[in-house]
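Q: A single structure is presented below for examination.
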Amino acid sequence: MPKYMLIMRSTDETWAAAAEVDFEEIMNTMGKFNDEMIQAGVLVAAEGLDDAAKGVVVDYSSQPPVVTDGPYGETKELFAGYWILDVASQEEAVEWAKRAPLAGPGSKAEIRRVAQIDEFPQDNEWIKKERAWREATGQL
């Protein structure tokens, strides 16, 4: 089955609104949703990300690349975390995303299909090495 990444996106407004909600409530709501996906057998991975102010950006517009500490210049939309689901279709991924406990101003989920290793040229030496690694680590 194909995999889809549900990317949690938020804005400064989203973070401000979330600050008004009890953290325990957020954890319980998110935990229940994650458990539903576990019970349905579709959750592959899920992670939240630390505050953007603690991150860095590596900009490849010049050589050598320029590293800039967070917070970023523009925080209109930030990648806040993700789920990876193993589902039959994009439509099924959309249905799970609609149930996600994301709410408030600027809160969105972007859904992108994860390209599978079988979609790349199998005679490429790097694909062969990656396939061997994935097999050795139980990922295939």
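Q: Could you pull the Cα extents of region 9-74 along its three principal axes, largest to smallest, in whole Å?
A: Result for region 9-74: principal-axis Cα extents of 48, 31, 14 Å.
Q: What 222 nm value per residue comes from the helices of the chain, counting each DSSP H run with n ≥ 4 as -39,500 (n - 2.57) and dividing by all residues, nearest 500 deg cm²/dmol?
A: Calculated at 222 nm, the ellipticity per residue is -10500 deg cm²/dmol.
Q: Along its three principal axes, how long is region 98-140 when you only count alpha carbons? Whole Å, largest extent first please.
A: Largest to smallest, the principal-axis extents are 47, 21, 13 Å.
Q: Here's a follow-up. Roughly how many whole Å is it from the C-alpha centroid of region 95-118 to that of region 1-71?
A: Measuring centre to centre over Cα atoms gives 11 Å.
Q: Could you tell me, in Å, what Rg and Dmax come out for the Cα atoms of region 36-102?
A: Both quantities, over Cα of region 36-102: 16.5, 48 Å.
Q: If the elastic network links every pair of Cα atoms under 10 Å, which of VAL94, VAL44, VAL21 fluctuates the most in the Gaussian network model of the chain?
A: Top of the fluctuation ranking is VAL21.
Q: Cα-Cα pairs above 26 Å in the chain: how many percent?
A: 41 percent
Q: In square angstrom, what is the accessible area per residue of region 37-140 with a 1.4 angstrom probe?
A: Using a 1.4 Å probe on heavy atoms only, each residue of region 37-140 averages 70 Å².
Q: Here's a follow-up. Report, to the nearest whole %, how much of the accessible area of region 35-140 belongs to carbon and sulfur atoms, 1.4 Å probe, protein only.
A: On region 35-140, the fraction of accessible area on carbon and sulfur atoms equals 52 percent.
Q: Treating only the Cβ atoms of Lys and Arg (+1) and Asp and Glu (-1) as charged, compute the dipole magnitude of the chain about its Cα centre; round to the nearest 20 debye.
A: Approximately 380 debye in magnitude.
Q: So which residue, out of GLU20, GLU77, GLU95, gets the largest mean-square fluctuation from a GNM of the chain using Cα contacts under 10 Å as springs?
A: GLU20
Q: Something else now. Give me the base-10 log of I(q)/I(0) for region 65-140 at each q in 0.17, 0.21 Å⁻¹, Debye formula, one uniform scatterer per Cα, rounded to two decimals.
A: Once normalised to I(0) and log-transformed, intensities are -0.93, -0.98.
Q: Of all trypsin sites (Lys or Arg not before Pro) in region 1-106, which ones are in loop regions per DSSP and have a Cβ with at most 14 other Cβ atoms within 10 Å? Don't skip to the answer; put the middle values down first.
A: Details: sites: LYS3, ARG9, LYS32, LYS54, LYS76, LYS98, ARG99; in loops: LYS76.
Those that pass, being in a loop and sparsely packed, are LYS76.
The values are calculated or read from the model by the stated rules, or taken from the named source; none is laboratory data. Note that this is a predicted model, so its numbers are computed, not measured. Quick reminder, even Gly has a Cβ in these numbers, built from the backbone with ideal geometry, and neighbours come from all protein chains shown. Surface accessibility is based on the protein's heavy atoms, side chains included, excluding ligands, DNA and RNA. Shrake-Rupley method; radii C 1.70, N 1.55, O 1.52, S 1.80 Å.
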